[in-house]
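Peer 1: Below is one structure. I have some questions about it.
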Amino acid sequence: MVESLAPLVMAEDMAKKYGDFIALHPLNVEVHAGEFFGVFGPNGAGKSTFIKLLTGQLRPSKGRIEVLGINAVSDPQKVKANIGIVPESESPPSFLTPVEFLEFVAKLRTVENLNEQVEHWIEWFGLEEKRDTMCKDLSKGQRQKVMLAAAFIHKPKLLFLDEPFANLDPIYQRKCRHWLLEHVKNGGTIFLCSHVLEMAERMCNRMAIINNGKVLAAGTVKGLKKSKDETLEDVFIRLVGRSIEDVERLSDEGVKDKDNEEE
Amino acid sequence: MNVSGVSVVSRDWDEVADVQPASESGNSLGTSAHDQQLHEPLRGWSAFSTTFRVMFKEEGRKSLEFAKKRQMVLFPLLLTLVTAITTIGLQFLVGDSSAQVSDIESKTFTWQELRFALHLPLLMFSLGMGTFAFMGHDAIVHRSGTKNYLLAAPALQPLPNSVAHFAYFIKDLSFYVMLILSPVVAGMAVGILLESLAGISTPLEWSSLPWTWIAMIITLAQGLALAFLASALWMRGRPFTIFGPMLIVALGIAIGLGKFDIGTMLWGLGVQNSQSILGTVLALLASLAVGLCSSALIIDDFDVSVVERAELLTPIYNRLGFLGKGEIRLIVAKEFVDLIRSGSIKKMTVSYAIPLLVLLGMAWLVDFAEAPIPINLLSYAPFLGFFGFNFYSWLTILDSPEFMNGLPLGVPQLIRAKVVVYFLATSWISLIFIVLMAWRLDEWGALPTSIIVMFANSIYIVALTAFLMGLRPNKAIFDASIMIWFWIGTVIPLLLLFLLSFTQGDVSLYGNWWERTSEGGLAATAAMYDQSMVEQGYKGMIAISVALILASALLWKLMDRRWGRAEFSN
C-alpha cells in the first residue's frame, strides 16, 4: 500500500456484544488523513460504542482495530497517548480545578511548555474566572469546555469527538467549529459522533448513518441524498425506517395535545 | 486526500467468525501515522508520581467538602487528646503505677496484650477501607454521572489502570498515616510530656514512640494491601469468588485457634516486638509488594455492561406490603433493585457472613469456657451490630441519588429506606448465625435474650450512623464532631452489653474487679456463677436493648430535623 493512501484508522469486522445484546454488528471502516468523518444515528444507535472501540476504551467482541499503525486491542494506552478524545457525557474529575486537570493531562501526555499550553486553552475557552473553581462546581457547558481543552492540549492530529457541542453555548459552538475545520484544513483528521445532522451538513466530508448497531448508509453528504430537494433530515428519517408522514403525524399530534392543554 | 473505494459496511453477527479479538494477530491492517511523531504513554514511576500527587490533592478536597476545614483540623487533635488520656491511663491497665496505686502488684494486662489490642483493630479498620478494586470499578462505571474521580482517568487518558490503582493505594495509606496514625503517636508523646510537666505517671517511654509509629504503619499497610488483593481477585471472577472466601474463613479460624503465631500474621506487631530494622524493611516491602501485585491484577477493562433484565421493581414492591403504601416502600424496592443489579448483594452478603463464619468455626473447635474471657452467646449479640456501619456505608454508594432532587422526596426518607434495607438484607444472616451458635454452645436458654439484644443493637448502630452521617458515612470519618457523638453513642451502650454478657449476669464481678484480678488475673472473671444474678443480668441486657430501640425510634423521628433540608448527594 502506498504510504500516502494508508488510512489513519481502520477496523475490520469490529463488533461489540454485551451479554446477548449486540451493541454493534461487525463492521469495516477506514478513515483517512484530512477527513472530517461523521457517524450519525438516533439515540442508542451504537455511536458511542463505535467511538469507544476505536479509541481503545472498549475491547471488541470480534474483529481487529488499528489506529495510526497501533493495534488498538493490544496496546490501547499507546492509541490514547496519540489521539484526543472528547467523551459524550464524562466530566473532568470533580475535585480538581480546570487548571489542575489540564496540568495533570499535559503531564501524562508529556506536553512541552506545559504552563503556556494550559494558560492558552484556559483563555481560549474563556475559563479565566473559573480557573480555580473545582470542576464539580462548574456548569455543564464549562465542564464540557474543560474536556475539550483536555483533548486539544497535546495537539493531536487525530481527534475523536462524541457529541462535542452538546452543552456549549452558540458562541463557543461556532468558535470550536471553526477551530476544527481549520484543524482539518491543516492536515488534521476528525472522527465525530452525533445526532445533530446540521453538523454533518456544515462540517463532514463523509458520513455514516447507523441504527440498532448497523451501518445503514455511508458516503458523502451529497451522495446520500436521493434528490436535490431531499434534506439530510429526510435521508435520516428514511434510513432509520420511518416514513416522513409518520414523523409529521407524530409532530402534529404533539401540537394538538399542546393546544388542548392550553384551551 | 483519496477516499475512493473506501467503504463503511456492516455485516450480520453470524457472518463473521466467532474468533477472539485480534490482539494476538501480528498482521498489520495497514494504517499509518504518516508524518505524526508517535508518543509512548507514561509508564512506571513517572506515571505513578504524576498521578499520586494529584490524587492526594483530590482526597484532601473530598474530605474537606464534607467535614469542612475546622472539623478536619479538629479530628487529628481529638485523636491526639484521646491518645494522650489513654497514655496516662496506661498505668492502670499495665499495673506499673506503684507510686500511685501501691496495693496493685500483679499486672492486669501485659504489654503484649495491649500491643495486640492496638494492632488488631487497626488491621480490621484497614481491611475495611482497602477494597480499592471495587472502588475503581465503581469510579469507572459511574464516570458519566455527576461526580468523576481520578481513579477513572485511565478510561480516557494514556494511564494504565494498574498504575492509577497503585497510586490510590499509596495515597490512602499516606492519608491515614497523616490523619490517624501520626496524631495517635503525637498523643502518646503528649502523655509522656505531661509526666515531666505535671508529674503524672505513664509507663510509656520516648524510645518506644518511633517503633510504635512504624509498627502501626506496617499494620495499616498490610490491611490495606490484603483487602486490595482480595478485591482485585474478586473482580477477576471465578474461581476466586468461590475459593477466596473459603480461604479467608479457613485462615480466620486458623488464626483464632492459634495455628499461626500472631506476630507472624500481624506484621506490625511482630516488628514492634522485635524492633528489628531488617524486619521493618521486609514487612514494609512485603506490604508494598502485595499492593503492587494487587494493582497488577487490575486490568484495563472499562466495559459498562449493557444487559437487559426482567422487571424487578414491581415484583419487589409487591412483596414489601408490610411497609405500607408510603414512599418508603417504593424507595426500599428501588434500593433492592440497585443492590441486586449492581451485584453488591453478593459482595455484601459474603463480606457480612465471612467474619460470622470465622466465629462459628472457632466456636466449633474451641471450648470458650476455658478462654481467659468467657465468650458466650450473649457476647456475640452486641458484636453483630458493629457490622452495621460498613453495610450501611456500602448502601450509600450504590447509586448517585442526585436524580431525586427533582422528585417530591426528602433525604430523610431515603436514609430511612436504607436503614430498612440494611435490616431486611442482613437480619436473616444474623439470626441464622445466632441460632447456630446457640446450638453449638448449647445455650438455648440465652437465645431469646440474645436475639433481642442482637436486633436492638443492629437497629441502633445503623440508625445512629444514618442519623449522624446521612448519605455520606465514608466522608464523615474525618469529621471530629460527628465522630465524638458516634463514639459516645456506641461505646457506652455496647460496653455495658459486653460487660454484662461476659459475666453471664454476674454483675457483682465488676464490683470487686481490682481484688479479683490481683488474685487471679483475667482468668478470675469466670469464677462466680449465681442463678439470681444471671436473671438480673438478663434483665439488665433487655432493659438496655429496650432503651436502644427507643433511642433508635427517637433518631428515626429526628431524622427530618437533621436532614430535612439537605440535598440528595453522596
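Where a number appears in this text, it was derived from the coordinates with a stated rule and is not lab data. Just so you know, these numbers come straight off a predicted model, no measurement behind them. Cβ sites come from the backbone with ideal geometry, for glycine too, and all protein chains shown count toward neighbours.
Peer 1: Computed FRET efficiency, Cβ-Cβ of B:LEU554 and B:PHE260, R0 51 Å: what is it to the nearest 0.05?
Peer 2: Rounded to the nearest 0.05, the efficiency is 0.70.
Peer 1: Using the crude model of +1 on Lys and Arg Cβ and -1 on Asp and Glu Cβ, and no other charge, please compute the dipole size for the protein assembly as shown relative to its Cα centre, in debye to 20.
Peer 2: Here the protein assembly as shown has a charge dipole of around 400 debye.
Peer 1: Also, quick follow-up: I'd like the Karplus ³J(HN,Hα) series for segment B:162-173: coefficients 6.51, -1.76, 1.60, θ = phi - 60°, whole numbers in Hz, and an x wherever there's a Gly or Pro.
Peer 2: 5, 5, 4, 5, 5, 4, 5, 4, 5, 4, 5, 4
Peer 1: Could I ask something else about it? Out of residues 5 or more away from A:LEU192 or on other chains, whose amide H comes under 5 Å of its own, with H placed 1.01 Å from N in the peptide plane?
Peer 2: A:PHE37, A:GLY38, A:VAL39, A:LEU161
Peer 1: Using θ = phi - 60° and the Karplus relation 6.51 cos²θ - 1.76 cosθ + 1.60, list the HN-Hα couplings for segment B:120-132 in order, rounded to whole Hz, with x at every Gly or Pro.
Peer 2: With coefficients 6.51, -1.76 and 1.60, one gets 5, x, 5, 5, 4, 4, 5, 5, x, 9, x, 7, 5 Hz.
Peer 1: Moving on. Can you list residues from other chains, or at least 5 along the same chain, whose modelled amide H is less than 5 Å from the amide H of A:ASN211?
Peer 2: Residues meeting the criterion, in which the H sits 1.01 Å from N, are A:LEU216.
Peer 1: Can you classify chain A as rounded, prolate or oblate using the Cα gyration tensor, where a ≥ b ≥ c are the square roots of its eigenvalues, rounded means a/c under 1.5, and otherwise it's prolate if a/b beats b/c and oblate if not?
Peer 2: The shape class here is oblate.
Peer 1: From the phi angles alone, apply the Karplus equation (6.51, -1.76, 1.60; θ = phi - 60°) to segment B:440-454 and give each ³J(HN,Hα) in whole Hz, x where the residue is Gly or Pro.
Peer 2: 5, 7, 6, 10, 4, x, 8, 4, x, 5, 4, 5, 4, 4, 4
Peer 1: What is the local net charge at B:LEU323, summed over the other residues whose Cβ is closer than 11 Å to its Cβ (Lys, Arg +1; Asp, Glu -1)?
Peer 2: Net of charged neighbours comes to +3.
Peer 1: So for the pair B:ILE432, A:GLU123, with labels modelled 7 Å out along Cα→Cβ, what separation do we get in nm?
Peer 2: Taking the simple label geometry, B:ILE432 and A:GLU123 are separated by 6.7 nm.
Peer 1: So how far apart, in nm, are the two label points at B:LEU81 and B:ASP14 if each is 7 Å from Cα heading toward Cβ?
Peer 2: A separation of 7.4 nm, rounded to one decimal place.
Peer 1: Separate question: Separation of segment A:149-185 and segment B:266-341 by C-alpha centroid, Å?
Peer 2: 39 Å
Peer 1: Let me ask something additional. What is segment A:32-94's relative contact order, in percent, from Cα pairs under 8 angstrom and six or more apart in sequence?
Peer 2: Averaging sequence separation for qualifying contacts and normalising by length gives 22 percent for segment A:32-94.
Peer 1: Using a cut-off of 15 Å between beta-carbons, work out the net charge of the residues near B:GLY130 (Lys and Arg +1, Asp and Glu -1, B:GLY130 not included).
Peer 2: -1
Peer 1: Let me ask something else about it. Give the long-range amide H neighbours of A:ARG59: residues separated by 5 or more places, or on another chain, with amide H under 5 Å away, using H modelled in the peptide plane at 1.01 Å from N.
Peer 2: B:PHE302
Peer 1: Further question on the same structure: Past 24 Å, Cα to Cα, is the threshold; run A:LYS145/B:LYS147; A:LYS17/B:LYS334; A:LYS130/A:LYS175; A:LYS80/A:LYS222; A:LYS155/A:LYS185; A:LYS78/A:LYS155 against it and keep the listed order.
Peer 2: A:LYS17/B:LYS334; A:LYS80/A:LYS222
Peer 1: Label the protein assembly as shown by shape, choosing from rounded, prolate and oblate, from the square roots a ≥ b ≥ c of the eigenvalues of the Cα gyration tensor; if a/c is under 1.5 it is rounded, and otherwise prolate applies when a/b is larger than b/c, oblate when it is not.
Peer 2: prolate
Peer 1: Here is a further query. Just to confirm a number: summing +1 for Lys and Arg and -1 for Asp and Glu over residues other than A:ILE171 whose beta-carbon lies under 12 angstrom from that of A:ILE171, what do you get?
Peer 2: +3
Peer 1: Here's something else I'd like to know. Just need the relative contact order of segment B:225-322 here, percent rounded to a whole number, with Cα pairs under 8 Å and 6+ apart.
Peer 2: Taking the mean separation of contacting Cα pairs over the length of segment B:225-322, I get 37 percent.
Peer 1: Roughly how many nanometres apart are two label points built 7 Å out from the Cα toward the Cβ at B:GLU535 and B:SER481?
Peer 2: 4.8 nm
Peer 1: Given contacts defined as C-alpha pairs under 8 Å and at least six residues apart, what's the relative contact order of segment A:3-228, whole-number percent?
Peer 2: Reported as a whole number, the value is 28 percent.
Peer 1: Hey, how many Å between the Cα centroid of segment A:19-76 and the Cα centroid of segment B:435-459?
Peer 2: Segment A:19-76 and segment B:435-459 have Cα centres spaced 58 Å from each other.
Peer 1: Let me ask something else. Can you classify segment A:132-204 as rounded, prolate or oblate using the Cα gyration tensor, where a ≥ b ≥ c are the square roots of its eigenvalues, rounded means a/c under 1.5, and otherwise it's prolate if a/b beats b/c and oblate if not?
Peer 2: oblate
Peer 1: Treating only the Cβ atoms of Lys and Arg (+1) and Asp and Glu (-1) as charged, compute the dipole magnitude of segment A:3-228 about its Cα centre; round to the nearest 20 debye.
Peer 2: 820 debye
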